[in-house]
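Below is one structure, written out as structure tokens; comments come after it.
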Amino acid sequence: MNNYSYDEISIGHKEKFEIKITEQMMESFLSITSDTNPLHADEVYAKTEGYGNRVVYGMLTASFMSTLAGVYLPGERSLIKEVKIKFAKPVFPGDTLTVEGEVTDKNDTFNMIVLKVVMRNDKNEKVLRGSMDIMIREETQQGA
């Protein structure tokens, strides 16, 4: 887990990671949200709607923005204040996503960064684009 301070981050700073979307993730998301939409839960239905497989929940895909901020950039000091998302293409179980963030702006008054986010699938197709406003908390001293 990264632990960047506000001063250690500059415009243009990038971080990325890969994640494979598994059946277990789909089942867990269903269990948490109770979203039984057949596009996500029924492969036969999804195929009749023109998709090759069940479609991964958009918000499951988008949830990896939290991982990007909370683990990679800035890491443990992050506090997400705003998220904007556009879903560009469907994601399917078994896809491996590359999740990348780039700092496009900094606000010194609030120790805030703007992170541009792009997710791509195994075919290098953009499946999600978005942005996050992330406050970077100051390091606190334990026991002080």
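Coordinate-derived values only; no laboratory data. Please read all numbers here as calculations on a predicted model, not as lab measurements. FYI the Cβ positions are ideal-geometry reconstructions off the backbone, even for glycines, and counts take in every protein chain you see.
Compute the FRET efficiency between Ile11 and Glu125 as 1/(1 + (r/R0)^6), taking r as their Cβ-Cβ distance and R0 = 30 Å, and round to the nearest 0.05.
Values: r = 27 Å, r/R0 = 0.90.
Result of the calculation: an efficiency of 0.65.
Counting only C-alpha contacts under 8 Å and six or more residues apart, can you give the relative contact order of the chain as a whole percent? Before the final figure, lay out each step's value.
Details: 284 pairs, mean separation 42.7, N = 144.
Relative contact order for the chain comes out at 30 percent.
Rg and Dmax of the chain, based on Cα coordinates, read 17.1, 61 Å. Axis of helix 23-33 versus longest Cα principal axis of the chain: the two differ by about 80°, to the nearest ten degrees. Straight-line reach from Lys123: taking Cα to Cα under 17 Å and skipping same-chain neighbours fewer than 8 places apart, the lysines in range are Lys16, Lys20, Lys89. Rounded to whole numbers, the Karplus 3J(HN,Hα) couplings from phi for the stretch 76-87 are 5, 8, 6, 9, 5, 9, 8, 9, 10, 9, 10, 8 Hz, using 6.51 cos²θ - 1.76 cosθ + 1.60 with θ = phi - 60°, and x at Gly and Pro.
How much length is gained on full extension from Val83 to Phe110, taking 0.36 nm per residue of separation minus their Cα-Cα distance? Provide the component values of the computation, followed by the final result.
Working: separation 27, 0.36 × 27 = 9.72 nm, distance 1.67 nm.
Taking Val83 through Phe110 to full extension adds about 8.0 nm, to one decimal.
For the chain, a crude dipole built from +1 on the beta carbon of Lys and Arg and -1 on the beta carbon of Asp and Glu, taken about the Cα centre, is about 400 debye to the nearest 20.
When only Cα pairs under 8 Å and 6 or more residues apart are kept, what is the percent relative contact order across the stretch 28-112?
On the way: 59 pairs, mean separation 19.8, N = 85.
Relative CO of the stretch 28-112 lands at 23 percent.
Were the residues from Ser66 through Leu30 laid out at 0.36 nm apart, the gain over their Cα-Cα distance would be 11.1 nm.
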